[in-house]
Structures are given as structure tokens and as C-alpha cells.
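S.K.: Sharing a structure below in C-alpha cells format, with a few things to ask.
The values are calculated or read from the model by the stated rules, or taken from the named source; none is laboratory data. Note that this is a predicted model, so its numbers are computed, not measured. Heads up, the Cβs are rebuilt from the backbone with ideal geometry, glycines too, and the neighbour counts pull from every protein chain shown. Accessible surface areas use protein heavy atoms only, side chains included; no ligands, DNA or RNA. Shrake-Rupley method; radii C 1.70, N 1.55, O 1.52, S 1.80 Å.
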Amino acid sequence: MILHKGKHTTTSYQVNLLQDGGKLIDVPEMREFAISGTEGLDEVFEDIAELFAKCRFRDCIHTVEPGCAVREAVTNGILDEKRLRNYSKMKKESCGS
Ligand SMILES: [Zn+2]
């Protein structure tokens, strides 16, 4: 956390983002959700979360698991594989270890 960057050390994170203008656009859209954890992640990837509910295994990571509804959606062209990859990446980052 950089607290002493700029003059406005007491301004909120949100205000800093607005003052920086383009920064909000430069930052990968999922960055803030990596901070807030998997809950926010599931909100952003609501479609994947919904498919996840149909996966056979609760700990499914949508790679080689049998009965994976998420992979099935990718295979059927319902879900963009890039989106799934992005999701998996964010999920891994937000889980820490
Ligand atoms: Zn799955």
C-alpha cells in the first residue's frame, strides 16, 4: 500500500483513482477483485460461478475434472476460454498460497 504518494495522503483510494484519470483504465479490470477476494471474483464472473454450481465436484478447478460444467460450456462455445483462463488466474492469485 502506497500511502505517501502525492500530496493528498489522506484522500481515499477512490479519489486518487479519479484524479489519476486514465489509471483506472490501465489497471487490469480484475485487479481490485484480487484484493477483495473470491467473493468479488464470483460477482464479476457470475456466469462462471453459475456454471461452477453445476460442476460435479465442489473443489473443481475446471481443468480435467469429470462432470465439469464450466469446461463443458467452453467446449460448447457458451463460455469464452480466455475468460475462464482469466478467472482461474485471478482465483489462484486471490487464494494466496
Ligand atoms: Zn468445473
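S.K.: Could you list, in sequence order, all residues of the range 48-62 that are open to solvent by 40 Å² or more (accessible area, probe 1.4 Å) and in contact (Cβ under 8 Å) with a residue 24 or more places away in the chain? Let's see the steps before the verdict.
M.R.: Restricting attention to the range 48-62, the residues satisfying the condition of being open to solvent by 40 Å² or more (accessible area, probe 1.4 Å) are 50, 53-54, 56-59, 61.
Passing the criteria: only I61.
S.K.: Working only within the range 53-67, note down all residues that are over 15 Å from Y87 (Cα atoms) and near the ligand (Cβ under 6 Å from one of its atoms).
M.R.: C55, E65
S.K.: In addition: Give me the residue from the range 68-82 that is of a type in the set (A, V, I, L, M, F, W, C), near the ligand (Cβ under 8 Å from one of its atoms) and part of a helix (DSSP H, G or I) and, out of that set, surrounded by the most Cβ atoms within 10 Å (Cβ to Cβ). Step through it out loud before you land on a result.
M.R.: From the range 68-82, those of a type in the set (A, V, I, L, M, F, W, C) are 68-70, 73-74, 78-79; that's our starting set.
So of that shortlist, the ones also near the ligand (Cβ under 8 Å from one of its atoms) come out as 68-70.
Narrowing the set further to residues that are part of a helix (DSSP H, G or I) leaves 69-70.
Working: A69: 19, V70: 27.
Filtering the range 68-82 for residues that are of a type in the set (A, V, I, L, M, F, W, C), near the ligand (Cβ under 8 Å from one of its atoms) and part of a helix (DSSP H, G or I), the one surrounded by the most Cβ atoms within 10 Å (Cβ to Cβ) comes out as V70.
S.K.: Mind counting the residues in the range 63-80 that are modelled with pLDDT under 95 and in contact with a helix residue (DSSP H, G or I) (Cβ under 7 Å, 6 or more places away or on another chain)?
M.R.: Result for the range 63-80: 0.
S.K.: Further question on the same structure: Please work out which residue is modelled with the highest pLDDT, limiting yourself to the range 83-97 and to residues that are open to solvent by less than 60 Å² (accessible area, probe 1.4 Å) and either in a loop (DSSP other than H, G, I, E, B) or aliphatic (A, V, I, L, M) (or both).
M.R.: Per the criteria, the residue is L84.
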